[in-house]
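Below is one structure; the comments refer to it alone.
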Amino acid sequence: MHETIQQVLRDRVHDDTVAVRYDDQTWTWREHLAEAAAEASALIGMADPTRPLHVGVLLGNTPAMLRSMAAAALGGYVLCGINTTRRGAGLLADIRRSDCQLLLVNPDHRALLDGLDLSGVTVLDVTSPGYLQAVTSAQALVPHREVVATDPLMLIFTSGTTGNPKAVPFAHVMAVLSGSSLVLQLDVTPDDVCYLSMPLFHSNGVAGGWSVAVCSGATMVPAKFSASRFLDDVRRHGATYMNYVGKPLALVLGTPEQQGDADNPLRVAFGNEAADRDIDEFARRFGCRVMDGFGSSEFAVIVVREDGTPPGSIGKGWDGVAVYDAETLTECARAEFDETGALANFDDAVGELVNTTGGGAFGGYYNDPDATNERMRHGMYWSGDLAYRDADGWIYLAGRTSDWMRVDGENLAAAPIERILLRHDSLNQAAVYAVPDPQVGDQVMAALVLNAGQTLTPAELTDFLTAQPDLSPKAWPTYVRINRVLPQTATNKVLKRTLITEGVSGGDGALWAREDRGTTYAPAVLSGTSS
């Protein structure tokens, strides 16, 4: 078996089956890889040989993004997947941290760079005449490097408990292993059509989508996820495989059911973090198999949902995966349940998911030794996820730290959102924390205290947040409570665990809610709250 994607793609350069389908256009593997090789040659020729050949991409899920991924593999350089939901200084920090010397953009994302100091970074619009001419006239590809298995194919950003995005090197061998493993497990062949609607800068999009298509020779259909358009897309493109992370199954299930929903070509969906009920209901409604698992973006902790997984469990861990007490550095007790099925020994059983054998494929974050040292402690990898494990080895997630949220399949940290909120002149305190999402994962909630004599209306908050250029769309609080005081420690630190326990509540103040998938706030009346 090949150990690099460079080798895998070289086997496909004469393949005349369809590689990419987008709107009414198609590319064979031969055509797709010829364009990728030309792009790689052009970019290698533009690059400064004294700097790391890191190419950033802000391209969305498009044929251009797929071409750039293949180009990096064939060209032997590193592609940096820049999160298209990042804004302002945060976006610039990601570009700088990943050492991008070239940055590919398209018109849909070019405005994200307005006002940023990109000195030392060559920005290339992939639709511009100059770029197209450079690619068209490129010499035959001479790779920047003949890669080995452990060389990074991509840098994929994730957010951790500190709130600082971290770049995870995604090695060629990991792309091969993840892709080929799923090909074998799910019987993916060149006749399949892979619907790629999860962001291709995200680990799920790369490992659970693109790698599967590349390793099988299947057709790729890049798309922007839409619950309302999902079934039409699947039918129009003949999609037989899809990957997901977080809420997509629930969002699709939220659309009205039609009698003929199961009349579609989809046969398998693979992903992470779907709720039990959504896994079963999606399989029933659309007549397909759903395989759900759990894994860190660093690929250091992998949990697989096997046949017989109990309700609520995410499955069983690979070798080395355990639940440890971070203080005692010992394994937590196995979970015990009462007659209602509730966890009876919470304090003894709940701990942090770790890999006791080390980081596995994770060799450290790029250009971030402090973050690496935080993850790798005492010879083990510490995930930051709280969990418990029963006597049979089934693992259950218990939540996340108060400053870490999982929203729509993406990790968010509280501190950056708090700093943005506190730009408002009327605010004295802001505490951001997670409340459970009714479907899966978390929602963002903010507790605010105003300066004496100040006022704030829902409309004013909407206008303020709209004006913040570095606030990610997913970081908008779903709920906001306005209080005179917040629970505090003796040292005047907000007790977030108390707020989390109170849940979606206004406490002794007002509670506002944001319209579903919108930006408008209005007073909310929920049980146990005042508005």
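The values are calculated or read from the model by the stated rules, or taken from the named source; none is laboratory data. Everything quoted here is computed from the prediction, not taken from an experiment. Neighbour counts are summed over all protein chains in view; Cβ atoms, including those assigned to glycine, are modelled from backbone coordinates with ideal geometry.
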Selection from region 7-24 of residues more than 28 Å from the chain's Cα centre (by Cα), more than 13 Å from A70 (Cα to Cα) and surrounded by fewer than 14 Cβ atoms within 10 Å (Cβ to Cβ) yields H14, D16, T17, D24
Checked against (1) surrounded by fewer than 22 Cβ atoms within 10 Å (Cβ to Cβ); (2) in the same structural domain as M46 (by TED's automatic domain parsing); (3) in contact with a strand residue (DSSP E or B) (Cβ under 7 Å, 6 or more places away or on another chain), L186 satisfies every condition except (2)
Result of the Cβ filter at 9 Å on region 326-346, keeping first residues that are outside the structural domain of R389 (by TED's automatic domain parsing) and partners that are of a type in the set (D, E, K, R), at least 6 apart or interchain, is none
Flagged pairs (Cβ under 8 angstrom, 6 or more apart or on separate chains; first in region 424-441, under 16 Å from A250 (Cβ atoms); second part of a loop (DSSP other than H, G, I, E, B) and of a type in the set (A, V, I, L, M, F, W, C)) are Q439/A275; V440/A274; V440/A275
query = Does L249 satisfy the criteria of being among the aliphatic types (A, V, I, L, M), at pLDDT 85 or above and not in a loop (DSSP other than H, G, I, E, B)?
reply = yes
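Return the residue satisfying two criteria in turn: it lies in region 367-389 and is of a type in the set (D, E) and within 26 Å of A333 (Cα to Cα), and of such residues it is modelled with the lowest pLDDT.
Narrowing region 367-389 to residues of a type in the set (D, E): 368, 370, 374, 385.
From the residues that got through so far, the ones that are within 26 Å of A333 (Cα to Cα) too are 374, 385.
Values: E374: 87, D385: 80.
Restricting to residues being of a type in the set (D, E) and within 26 Å of A333 (Cα to Cα), the top hit is D385.
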Taking region 119-140 and the residues there that are surrounded by 16 or more Cβ atoms within 10 Å (Cβ to Cβ) and aliphatic (A, V, I, L, M), the one that is farthest from I95 (Cα to Cα) would be A138
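Tell me, which strands (runs of 3 or more DSSP E) lie completely within region 264-366 with 3 or more residues that are more than 27 Å from V206 (Cβ to Cβ), at pLDDT 90 or above and in contact with a Gly (Cβ under 8 Å, 6 or more places away or on another chain)?
Numbers: elements: 268-272, 289-295, 302-304, 321-325, 351-355.
Result: 321-325.
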Cβ pairs under 6 Å, 6+ apart or interchain, first in region 120-138 and in the same structural domain as L103 (by TED's automatic domain parsing), second charged (D, E, K, R), ordered by first then second residue, are V135/E39
### Query
Any chance region 456-469 includes a residue that's in a strand (DSSP E or B), more than 29 Å from the chain's Cα centre (by Cα) and of a type outside the set (K, R)?
no
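For every residue, the table says whether it meets (1) surrounded by fewer than 23 Cβ atoms within 10 Å (Cβ to Cβ); (2) closer than 19 Å to T84 by Cβ; (3) of a type in the set (A, V, I, L, M, F, W, C); (4) more than 17 Å from the chain's Cα centre (by Cα).
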{"site": "W210", "(1), (2), (3), (4)": "no, yes, yes, no"}
{"site": "G217", "(1), (2), (3), (4)": "yes, no, no, yes"}
{"site": "P222", "(1), (2), (3), (4)": "no, yes, no, no"}
{"site": "N243", "(1), (2), (3), (4)": "no, yes, no, no"}
{"site": "R267", "(1), (2), (3), (4)": "yes, no, no, yes"}
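Is it true that some residue in region 338-351 is in contact with a Ser or Thr (Cβ under 7 Å, 6 or more places away or on another chain) and surrounded by fewer than 19 Cβ atoms within 10 Å (Cβ to Cβ)? Steps first, please.
From region 338-351, those in contact with a Ser or Thr (Cβ under 7 Å, 6 or more places away or on another chain) are none; that's our starting set.
Looking for residues that are in contact with a Ser or Thr (Cβ under 7 Å, 6 or more places away or on another chain) and surrounded by fewer than 19 Cβ atoms within 10 Å (Cβ to Cβ), one finds none in region 338-351, hence no.
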Within region 25-59, of all residues that are assigned to a helix (DSSP H, G or I) and not aliphatic (A, V, I, L, M), the one surrounded by the most Cβ atoms within 10 Å (Cβ to Cβ) is E39
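Conditions tested, residue by residue: (1) modelled with pLDDT under 85; (2) assigned by TED's automatic domain parsing to the domain that holds A111; (3) among the aliphatic types (A, V, I, L, M).
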| position | (1), (2), (3) |
| --- | --- |
| A434 | no, no, yes |
| D437 | no, no, no |
| V440 | yes, no, yes |
| L461 | no, no, yes |
| K474 | no, no, no |
| T478 | no, no, no |
| R517 | yes, no, no |
Exactly one of L102, L116 is surrounded by 19 or more Cβ atoms within 10 Å (Cβ to Cβ) and of a type outside the set (D, E, K, R), and that one is L102
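Take the residues of region 485-515 that are of a type in the set (D, E, K, R), surrounded by 14 or more Cβ atoms within 10 Å (Cβ to Cβ) and farther than 21 Å from E460 by Cβ: which is modelled with the lowest pLDDT?
Within region 485-515, the subset of a type in the set (D, E, K, R) is 493, 496-497, 502, 508, 514-515.
With the extra rule that they be surrounded by 14 or more Cβ atoms within 10 Å (Cβ to Cβ), the set shrinks to 496, 502, 514.
Still in the running and farther than 21 Å from E460 by Cβ: 496, 502.
Working: K496: 82, E502: 91.
Residue satisfying both the conditions and the ranking: K496.
Scan region 360-369 and tell me whether some residue there is surrounded by 20 or more Cβ atoms within 10 Å (Cβ to Cβ) and over 23 Å from D292 (Cα atoms). Lay out the reasoning, then the answer.
Pass one, region 360-369, residues surrounded by 20 or more Cβ atoms within 10 Å (Cβ to Cβ): 362, 365-366.
Pick out the ones that are also over 23 Å from D292 (Cα atoms) and you get 365-366.
Yes, there is a match, as at least one residue in region 360-369 is surrounded by 20 or more Cβ atoms within 10 Å (Cβ to Cβ) and over 23 Å from D292 (Cα atoms).
Here's the yes/no breakdown for (1) within 19 Å of G503 (Cα to Cα); (2) of a type in the set (S, T, Y); (3) surrounded by 22 or more Cβ atoms within 10 Å (Cβ to Cβ); (4) in contact with a strand residue (DSSP E or B) (Cβ under 7 Å, 6 or more places away or on another chain):
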{"position": "A387", "(1), (2), (3), (4)": "no, no, yes, yes"}
{"position": "A414", "(1), (2), (3), (4)": "yes, no, yes, yes"}
{"position": "E418", "(1), (2), (3), (4)": "yes, no, no, yes"}
{"position": "D442", "(1), (2), (3), (4)": "yes, no, no, yes"}
{"position": "Q454", "(1), (2), (3), (4)": "no, no, no, no"}
{"position": "T478", "(1), (2), (3), (4)": "yes, yes, no, yes"}
